[in-house]
Amino acid sequence: MTADDHIVFIVDDDERIREALGELLDSHGMRAVAFESAGDYVRADKPDMPACLILDIELPDINGLDLQRQIADRDHPPIVFITGHGDIPSSVRAIKHGAVDFLTKPFSDADLLKATHAALAEDREKRSGRAELDMLKRHYLDLTPREREVLPLVVSGLLNKQAAAELGISEVTLQIHRRNVMQKMAAASLADLVRIAEKLEIPITHSRRVGGN
């Protein structure tokens, strides 16, 4: 990990906490940017890179838990909550809605670093998944209308003869379309194509029927 491939946002109204966290993260090679209010954080321009949000519960403009709820439907970094007034209901609510950790002040440097690393790893994984899905969608758009008809039949497990009959085309033509689908979707095997179809949420409307070859 380098300071150029991630960012940690700190939102806390206590300047001493912001400075201490910033120095801690910097000493471990992590880039941090601090804000004293939720509003400042929300309005700030944010780089498109793996990130983590270290968020205090009690802020001058909005409760950290309320901010978590407000940004739930947006692409936002995984959250590590910190608070000087921890309670079980708040921690349960935070974790239930996706927070990586809920730390009560004073917390140890090791706990904060562990939670931050976990949050950054989670965001990297989510970003990787979104990038893969975007790539698959681009591949799918490269398919011809007929190939888009062939794809769900193939992943449904229909034999070539059955799929060809479904579309009213010859088995040879079906095989050509099937080969094109595999190539364009960069599928190494039928199992791989099935996985791709699941990621794209392509509906499977047929099931393999007995008979034919």
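Being within 13 Å of VAL80 (Cβ to Cβ) and either in contact (Cβ under 8 Å) with a residue 40 or more places away in the chain or outside the structural domain of LEU112 (by TED's automatic domain parsing) (or both) is the filter here, so list the residues in the range 25-53 that pass it.
Step one: of the range 25-53, the residues within 13 Å of VAL80 (Cβ to Cβ) are 25, 30, 32, 51-53.
Selection gives LEU25, MET30, ALA51, CYS52, LEU53.
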Worksheet item: Would it be correct to say that ASP56 is of a type in the set (D, E, K, R), in contact with a Gly (Cβ under 6 Å, 6 or more places away or on another chain) and either within 23 Å of ILE95 (Cα to Cα) or in the same structural domain as SER91 (by TED's automatic domain parsing) (or both)?
Response: yes
Practice prompt. Within the range 34-52, track down each residue that is of a type in the set (A, V, I, L, M), over 14 Å from PRO78 (Cα atoms) and surrounded by 15 or more Cβ atoms within 10 Å (Cβ to Cβ).
Written response: ALA34, ALA38, VAL42
Fill in: Single match in GLY29, GLY22 (criterion: among the small types (Gly, Ala, Ser) and on the phi > 0 side of the Ramachandran plot)
GLY29
Discussion item. Please count how many residues of the range 161-179 are surrounded by 17 or more Cβ atoms within 10 Å (Cβ to Cβ) and among the polar types (S, T, N, Q).
Written reply: 1
Discussion item. Please go through (1) within 30 Å of ALA32 (Cα to Cα); (2) in contact (Cβ under 8 Å) with a residue 60 or more places away in the chain for SER108 and return the number of the only condition it doesn't satisfy.
Written reply: (2)
Worksheet item: Within the range 127-149, is there a residue that is crowded, with 16+ Cβ neighbours inside 10 Å, more than 30 Å from LEU53 (Cα to Cα), hydrophobic (A, V, I, L, M, F, W, C) and at pLDDT 95 or above?
Response: yes
Practice prompt. Would you be able to say whether some residue in the range 79-94 is loosely packed, with under 15 Cβ neighbours inside 10 Å and either under 24 Å from GLY29 (Cα atoms) or at pLDDT 95 or above (or both)?
Written response: no
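The values are calculated or read from the model by the stated rules, or taken from the named source; none is laboratory data. All figures in this text were calculated on a predicted structure; none of them were measured in a lab. For neighbour counting, all protein chains shown are included, and Cβ atoms are generated from backbone atoms with ideal geometry for every residue, glycine included.
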